[in-house]
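The values are calculated or read from the model by the stated rules, or taken from the named source; none is laboratory data. For clarity, every value in this text was computed on a predicted model and none was experimentally measured. Here the Cβ positions follow ideal geometry from the backbone for every residue, glycine too, while neighbour counts run over all protein chains shown.
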Amino acid sequence: MKFVDNAFSFETNLGDSCFDKLQTGVWKLGLFTDNPGIENESSDKFYEDATVGDNTRRCFKNKVCCTLYDKSIVEVHIIHWHKSGEWFCVSFNTE
């Protein structure tokens, strides 16, 4: 579905309920090009080590500082990741 906000237009793969969250502002859209290093799992800005049982791996920090499509800079939780489309959605959930 295509997300449109004023002059900004962007095609997403979001389904109905997720797209509704984006349309209503519960989620916001971010672009890889505005967030250098977001694809680099060795980046301490976006990633941290997480241990589950005996396994440790890199994952997104619970809250990351990133730039959104409207150029606002926020500290948020990455909720939806679309690597091949080079975009992501964030949530302002405080948990």
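Give, as residue ranges, the strands (runs of 3 or more DSSP E) completely inside the stretch 1-54 that count at least 1 residues that are exposed (fewer than 14 other Cβ atoms within 10 Å of the Cβ), among the β-branched types (Val, Ile, Thr) and out of contact with any Gly (no Cβ under 7 Å at 6 or more places or on another chain).
Of the strands (runs of 3 or more DSSP E) lying wholly inside the stretch 1-54, those with at least 1 residues that are exposed (fewer than 14 other Cβ atoms within 10 Å of the Cβ), among the β-branched types (Val, Ile, Thr) and out of contact with any Gly (no Cβ under 7 Å at 6 or more places or on another chain) span 2-5, 47-52.
May I ask you to list pairs of residues, at least six apart or on different chains, whose Cβ atoms are under 7 Å apart, with the first in the stretch 1-24 being at positive phi and modelled with pLDDT of 90 or more and the second being of a type outside the set (Val, Ile, Thr) and surrounded by 10 or more Cβ atoms within 10 Å (Cβ to Cβ)?
From the stretch 1-24, no pairs qualify.
Do we find a residue being over 20 Å from ASN93 (Cα atoms) and in contact with a strand residue (DSSP E or B) (Cβ under 9 Å, 6 or more places away or on another chain) anywhere in the stretch 58-74?
Within the stretch 58-74 (the criterion being over 20 Å from ASN93 (Cα atoms) and in contact with a strand residue (DSSP E or B) (Cβ under 9 Å, 6 or more places away or on another chain)), the answer is yes, since at least one residue qualifies.
Among the residues of the stretch 55-71, which ones are more than 13 Å from the chain's Cα centre (by Cα) and either in a helix (DSSP H, G or I) or under 21 Å from PHE8 (Cβ atoms) (or both)?
ASP70, LYS71
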